Amino acid sequence: QVQLVESGGTLVQPGGSLRLSCAASGSGFRINVMGWFRQAPGKPRELVATITRGGVTNYADSVKGRFTISRDNAKNTVYLQMNSLKPEDTAVYFCYARGLGYAEWGQGTQVTVSS
């Protein structure tokens, strides 16, 4: 079983930057895809970005050019660097990990973009 723990969410002003981290723990697992999703109040959960074990990335159009996803396979950790943040980026951000026969979610971390 894989457990995911996110960190880094906080209140930030518009135009600011923030870095989220998500560490996976457990035993006997191999993670193929890691990623970030987000959910704003009253809206469905949506994809933000994903990254494969080999480093192939995919981004939502709304964050392209502003967010960068990266991962450290040795540490089983995925990061999300968020720049030029906008109020519409406010949401709970969830870490995601998928491997052979499993998919897991983190508990979420709140990101609020407001002046």
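The values are calculated or read from the model by the stated rules, or taken from the named source; none is laboratory data. These numbers were taken from a predicted model, which means no experiment stands behind them. As a convention, Cβ positions derive from the backbone with ideal geometry for all residues, glycine included, and neighbour counts pool all protein chains shown. For the accessible areas, the whole protein counts, side chains as well, though only heavy atoms, and no ligand, DNA or RNA atoms are used. Shrake-Rupley method; radii C 1.70, N 1.55, O 1.52, S 1.80 Å.
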- [ ] Assign unit charges at the C-beta atoms only (+1 for Lys and Arg, -1 for Asp and Glu), then state the dipole size of the chain relative to its Cα centre in Debye, rounded to the nearest 20.
- [x] 180 debye
Open item on the list: Give the aspartates and glutamates reachable from LYS43 as a straight Cα distance under 14 Å; neighbours fewer than 8 places away on the same chain don't count.
Closed with: GLU88, ASP89
Open item on the list: Given a 1.4 angstrom probe, what's the average accessible area per residue across the stretch 1-97, in square angstrom?
Closed with: 50 Å²
Task: Under 11 Å, Cβ to Cβ, from ASN76 - net charge with Lys/Arg +1 and Asp/Glu -1 - done: +3
Task: Computed E for ASN32/GLN110 - FRET, C-beta separation, R0 25 angstrom, nearest 0.05 - done: 0.35
- [ ] Have a look at THR112, THR90, LEU20 and report the one farthest towards the positive end of the charge dipole of the chain, computed about the Cα centre with Cβ charges (Lys/Arg +1, Asp/Glu -1).
- [x] LEU20
Task: Sulfur and carbon atoms: percent of accessible area, the stretch 62-115 [1.4 Å] - done: 48 percent
Open item on the list: Can you tell me, using C-alpha contacts under 8 Å and at least 6 residues apart, the relative contact order of the chain as a whole percent?
Closed with: 37 percent
TODO: Please work out how much length the chain gains when fully extended from ALA23 to ALA40, using 0.36 nm per residue of separation minus the C-alpha to C-alpha distance, in nm with one decimal.
DONE: 3.9 nm
Task: Furthest towards positive pole of dipole, GLY65, GLY8, ALA40, structure part the chain, Cβ charges - done: GLY65
